[in-house]
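Please read the structure below before turning to the comments.
The values are calculated or read from the model by the stated rules, or taken from the named source; none is laboratory data. Nothing here was measured: the structure is a model prediction, and the numbers come from that model. Glycine also receives a Cβ, built like all others from the backbone with ideal geometry; neighbour counts cover every protein chain displayed. Calculation scope for accessible area: heavy atoms of the full protein, side chains included, ligands and nucleic acids excluded. Shrake-Rupley method; radii C 1.70, N 1.55, O 1.52, S 1.80 Å.
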Amino acid sequence: MEELRIRPIRDGTVIDHIERGRALEVLKILGVDSSTRDVVSVAMNVSSEKMGAKDVVKVEGREIGSTETDIIALIAPEATVNVVREYEVTEKYVVSMPDEITGVLTCPNPSCITNGGEPVETSFEVEDDGELRCSYCDEVLEDEVAEYIS
Amino acid sequence: MDILSTKEMTRKEMLEVLDHARSVEQGTSLSGEVLGLLFFEPSTRTKMSFTSAMKRLGGDVVDMGSVESSSVKKGETLADTVRVVEGYADALVIRHPREGSARLASEFVDAPVINAGDGAGQHPTQTLLDLYTMREEVDEDLGSLHVGVMGDLKYGRTVHSLSLALAKFDTRLSFVSPSELRLPENVRRELEGSGVEFREVEDVEGVVDDLDVLYVTRIQKERFPEEREYERIAHSYRVSSDSLEDAGDVRVMHPLPRVDEIDPDLDDTEHALYFRQAHNGVPVRMAILDMVLGGSG
Ligand SMILES: [Zn+2]
């Protein structure tokens, strides 16, 4: 059944084994919105032997970067990334929890130096319990990580 | 070597500074060295203390002056400012209204950076001089002390970094504040994680006779919507020789300036430690400059 829903793609990325209900956050992390021109498919609540139910996201014509997979790891630690070229899965890996996330996220503390027009990328340390802490001002991100994507 | 935060210093590293502060002597160990002072917000006292420390070691200072008179006014980034000033000085002292500014500066220069206060963040030399004062004037073994911290515990950064530093020494802590100004959740969580013994109370009466040190901070008027509420609360957290009559030999500390949270009638008693505390800024900053600029350490 799953194979039918997830039609093979020629080039792009398939993110599989996303924790059920997290697909929309993954889209946000990937920067998918109404301005996106790539073909994007989303399957939610797909039955999975391993997970019971899971979400799957497929982006055609695009290979996602390591910063994006790092953030996906925070919300969907069991997700697998399949890079597809010419209908072949050329790379397949399970996302892994990063030590640090650079760029992409914005610090919610308005008086943090990273919000002061300086030529630096934001940087967040990933603590053992998965909490994200700004490397500059120590602010802890209290909401879902997708909320802080700039 | 940068001094950005006591948070990332181990107990051993802090003790190295405190030991060195005890033995550092006036002299010429930093002769020919120049310290750059970048104060993006006014703090005359901290600046004077650093200047005094540098000069007592035979070094000199260059001062950016006030923000109004500098390129910062024209919109220069901190990253650019520190890269320029690095050419004029061997180490930089930075005070800046934004949290994380000293860390950012340290990423753009090779010269050592000393954080002299970054917004609501860290002010490590203040914390170290507080620890030094307790160690020199109260007890060599910081872990044997019971320290009360009183006043605005919610917004006071001095209090947060001091408490977390004391936690590394296993110092018993009692936090005394009105419920509106209790410790913020993140600091409480860190204290819990450290395993230190601490409690939070609203009245100082129940704990004061057991304290070795009472660290008082100011409760600011702006924290209360109503003047009368502020008056009532501020009054009950004031310390005087009367209020400490039955308090044994507790020593009172305060980062200064005080307004009226400590009655001047306490100044000439054995309790008062705050002026000595302010003076200790010099040997502690001498020790830090000496270590950072390679006079020793
Ligand atoms: Zn920050």
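Remarks
- Distribution of pairwise C-alpha distances over region B:139-272, 10 Å bins, in %: 12, 45, 34, 8, 0
- Estimated distance in nm for a label pair at B:Glu76 and B:Asp260, the labels positioned 7 Å out from Cα along Cα-to-Cβ: 4.4 nm
- Computed from the C-beta positions of B:Tyr155 and B:Thr28 and an R0 of 51 Å, the FRET efficiency is 0.75 to the nearest 0.05.
- Take every pair of alpha-carbon atoms less than 8 Å apart whose residues are at least six positions apart; their mean separation over the length of region A:3-62 yields a relative contact order of 49 percent.
- Remark on chain B: hydrodynamic radius 19.9 angstrom, per the Kirkwood mean of 1/r across alpha carbon pairs.
- Annotation: peptides B:224-236, B:260-272, B:102-114, ranked by per-residue average of other Cβ atoms within 10 Å with the highest first, follow the order B:102-114, B:260-272, B:224-236.
- Peptide A:114-121 - average C-beta neighbours from other chains (10 Å radius): 6
- Spatially proximal lysines relative to B:Lys168 (Cα-Cα < 21 Å; intrachain offsets below 8 disregarded): B:Lys7, B:Lys12, B:Lys154
- Peptide ranges A:94-103, B:154-163 listed from the most packed, as the mean C-beta count within 10 angstrom indicates: B:154-163, A:94-103
- By the rule of a C-alpha distance below 18 Å, with chain neighbours fewer than 8 residues away ignored, the lysines paired with B:Lys55 are B:Lys47.
- Here the accessible area of region B:1-59 is 49 percent carbon and sulfur, with a 1.4 angstrom probe and all protein chains present.
- Taking all protein chains into account, the per residue accessible area for the protein assembly as shown stands at 47 Å² (1.4 Å probe).
- Note on region A:18-147: Kirkwood radius taken over Cα pairs, Stokes-Einstein applied at 4 °C and 1.567 mPa s, translational D equal to 81 µm² s⁻¹.
- Evaluated over the protein assembly as shown, the Cα radius of gyration and Dmax, each in Å: 26.7, 86
- Two-site FRET efficiency, B:Ser66 against B:Gln220, from Cβ-Cβ distance with R₀ of 30 Å, rounded to 0.05: 0.80
- At full extension, B:Glu8 and B:Asp267 could sit 89.7 nm farther apart than now, given 0.36 nm per residue minus the alpha carbon distance.
- Relative contact order, percent, chain B [alpha-carbon distance under 8 Å, six or more residues apart]: 20 percent
- The Rg/Rh ratio of region B:4-134, with both radii computed over alpha carbons and Rh defined as the Kirkwood radius, is 0.96.
- Peptide B:78-84 is shielded by partner chain Cβ atoms: per residue, an average of 2 of them sit within 10 Å of its Cβ.
- Region B:207-277 and region A:59-110: distance between their alpha carbon centers, rounded to Å: 54 Å
- Label-to-label distance, A:Leu24 versus B:Glu229, with points set 7 angstrom from Cα along the beta-carbon direction: 3.7 nm.
- Buried accessible surface for the A/B chain pair comes to about 1300 Å², total over both chains, computed with a 1.4 Å probe.
- Solvent-accessible area, 1.4 Å probe, carbon plus sulfur percent, for region A:99-150: 37 percent
- Partners of A:Lys28 within straight-line reach, counting lysines whose Cα lies under 26 Å from its Cα and excluding those fewer than 8 residues away in the same chain: A:Lys50, A:Lys54, A:Lys58, A:Lys92.
- Segments A:53-64, B:127-138 sorted - mean Cβ within 10 Å per residue, highest first: B:127-138, A:53-64
- DSSP beta bridges confined to the protein assembly as shown are antiparallel in about 50 percent of cases.
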